[in-house]
Every structure is written in C-alpha cells, then in structure tokens.
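Structure record follows, encoded as structure tokens.
The values are calculated or read from the model by the stated rules, or taken from the named source; none is laboratory data. Because the structure is predicted, anything quoted here is derived from the model rather than measured. Methodologically, a virtual Cβ is constructed for each residue, glycine included, from the backbone with ideal geometry; neighbour enumeration extends over all protein chains shown.
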Amino acid sequence: MAEHPAYLWWNGKLVRWEEATVHVTDLGWSTVGAVFEGIRMYWNAEAGEGFVFRLQDHLERLHHSMKLVRLERRYSVDELTEAVITLLRANECREDTYIQPVAYRSGGPKSLSGYSPESQIYISIRPMPSELLSGKAVHARVSSWRRIADDVMPPRVKNISNYRNSQLATMEALQDGYDAAILLNTQGKVAEGPGACLMLVRNGKLITPDVTSSILESITRDTLLTLAREDLGLLVEERPVDRTELYLADEVFLCGTAAEITPIASIDRYQIGDGAPGPITQQLARLYHDIVRGIDPRRPLWRTPVGMTQLTKA
Ligand SMILES: Cc1ncc(COP(=O)(O)O)c(C=O)c1O
C-alpha cells in the first residue's frame, strides 16, 4: 500500500482518500462520544487470500458501543461487513492490514449540550505487519493511573474518550523507561493494558481478569480462552487478579487485535520467568498465528475471506 490507501468507506460509499474531508470546526467535540473498532486482516501468501479475523464479532461490538453511547445505528452488521470487504478489495490489500471503523456524532452544537443521536461512520485501513512469533518481549510497569470504571466511563466498549486514560498510562510508562503499562482498577485489582487485555500463567494454569474487572470485552481474550480450553486442554481461571500475582507469575502476556500476543519480560523490574516468552505463551501464539492466517483450517467461521483470489493481480 502507498502512503495511504486509495479509498476509505464513508457513510455507505467508497470515497477517495483526498476527498474524505470535514470542516475544521468538527474537530474536538465530535469525538467525545465517538466509538470505534480495531480489526485485522491477515494475508495468507500461499493461498493468495486475506482473512478478516472475527469480523462479525467486531461489528457486533461496534453496535454495542454505539448503543451504549446512544448513537443511531444506521448500518446493520451485514451492511458493515460488506463495507469492510468492499474497501479491502477496492484497495487491493495484499498484506496484513488494520481496519478501523469509527462512528461519531454529527449535527447539533459542538458542546456538552449538543447531544444528537445522528451518526456518521467511516472505515479506514492501514498496513499493520504481524509481530506474532517474533520472540520479542516487553518491559512493563504497573501504572500510577487507575483504569476507568464501569460507573465512570465504561471500559467494556471502545469509546474514543476512554483512550485518554490509556494515553496517560502509556506516556507515563514510556517516560519512565518501560515499554508498556498495566493498569489496576479502582478496587486495586489488575485490569488490563492501555490497549490490550492481560493473561498470566502460574503453575500451568491460564489466569485472566474477569469481564467485570474494568476491561474491554476483548475478542482476542475470548479467542485465546477458547483455544486454551478446547485445543490445548489448559485450566483457565477468569477472576479478580492481585498485583502481586503478576510478579510471581511464570508467564505474563498482553493480548489484543493490535497487540496480538505480546510477551512481558518484566513488570516493575521483577523478571517474569526467565525473561523470554514462556512455553504456554509460545504454544498459544503459534496456534493463534495459524488460525488467524488460515494456515490451520479449523474454526473457519472466525475467518471472513476477502475474495482477493477473484481479483486479477494489478
Ligand atoms: C483497552 C483495550 N483492551 C483490550 C483490547 C483487546 O481487545 P480486542 O481483542 O477485541 O482487540 C483492546 C484492543 O483493542 C483495547 O483497546
């Protein structure tokens, strides 16, 4: 892909990148109640095909996010599915790609009182090469910022405003010489990373904060719990997690659509395991890698083929 894709999708139509503009006064308030999704298409070079991972689940979550912030849902999940596929085909995407639909409020005065349910949606894409199985591991700190709570700004959905909390934690971690942050919730239990969920392994068990621990209802989390239980036969616990469990864990990793599976080497300078990706993390990463790319043919309903094989090569 060039510097930017040729097209994005905006309110029902493919629009050339240069022509997708809004007035400068639309900046700011329109994004306070905006919601979005982060979806990946994985390219399978051997098959000459791209597969969008759990597309329907992501678009259903977009609908849930829109409902929670009271945005009108103008397009059905089926219509948005078609929009994503049309966009990937129009841009002839033949590489790992990140797909980001954004639904935002339009109309009405641009202030707190400017509540209007009227919504607009655009979908943009950009290349995002996979880092799965790269062997990289990151150094994390527990943030001094707490994760937003369900009765403050619900982290369950992908509201853009929630990411101010994520930014504060990320900036703090980077400034202090770490690669990543881990946020505790207002109860002092482990919540998640700024843009990913968290899992740990202790005594062979896979443990992760439950969905009422102030986390996003993550699709990768659900995927990995399913694979761990059904394919790897691991014992899985979804429950409140203490901070000190992180320090004593054998393995810890972040997981999410963008983060994929990111092993953690140390937390607050406590080394995790031997500081390299652990055996269960690696086993899960291999399985996840093969499933998302369609190398492993199991769970076909999780993959939506783009239909690139039907397009003539440019
Ligand atoms: C705050 C937060 N938590 C968790 C996740 C992981 O969610 P998913 O696996 O659905 O991408 C994300 C990623 O988008 C996120 O932004």
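Quick look at the values:
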quantity	calculated
Test result for Y288, among the hydroxyl-bearing types (S, T, Y) and within 16 Å of the ligand (Cβ to nearest atom)	yes
Among residues of the range 30-46, those that are farther than 26 Å from G294 by Cα and part of a loop (DSSP other than H, G, I, E, B), counted	3
Subset of the range 164-209 that is within 14 Å of the ligand (Cβ to nearest atom) and surrounded by fewer than 16 Cβ atoms within 10 Å (Cβ to Cβ) - its residue that is farthest from G28 (Cα to Cα)	Q167
Cβ-Cβ under 8 Å pairs, at least 6 apart or on other chains, the range 217-245 side over 18 Å from R40 (Cβ atoms) and within 16 Å of the ligand (Cβ to nearest atom), far side modelled with pLDDT under 95 and of a type in the set (D, E, K, R)	none
Single condition T244 does not satisfy, out of (1) loosely packed, with under 14 Cβ neighbours inside 10 Å; (2) assigned to a loop (DSSP other than H, G, I, E, B); (3) of a type outside the set (F, W, Y)	(2)
Matching residues, the range 154-168, being assigned to a helix (DSSP H, G or I) and touching a Lys or Arg at 6+ places or on another chain (Cβ under 8 Å)	N165
Strands (runs of 3 or more DSSP E) wholly inside the range 47-153 that include at least 3 residues being within 16 Å of the ligand (Cβ to nearest atom) and under 21 Å from W17 (Cβ atoms)	97-105, 119-127
In the range 184-232, the residues that are on the phi < 0 side of the Ramachandran plot, within 19 Å of the chain's Cα centre (by Cα) and of a type in the set (S, T, Y)	T208, T212, S213, S218, T220, T223, T226
Unique residue being over 20 Å from V142 (Cα atoms) and among the acidic types (D, E) when the list is E245, E230	E230
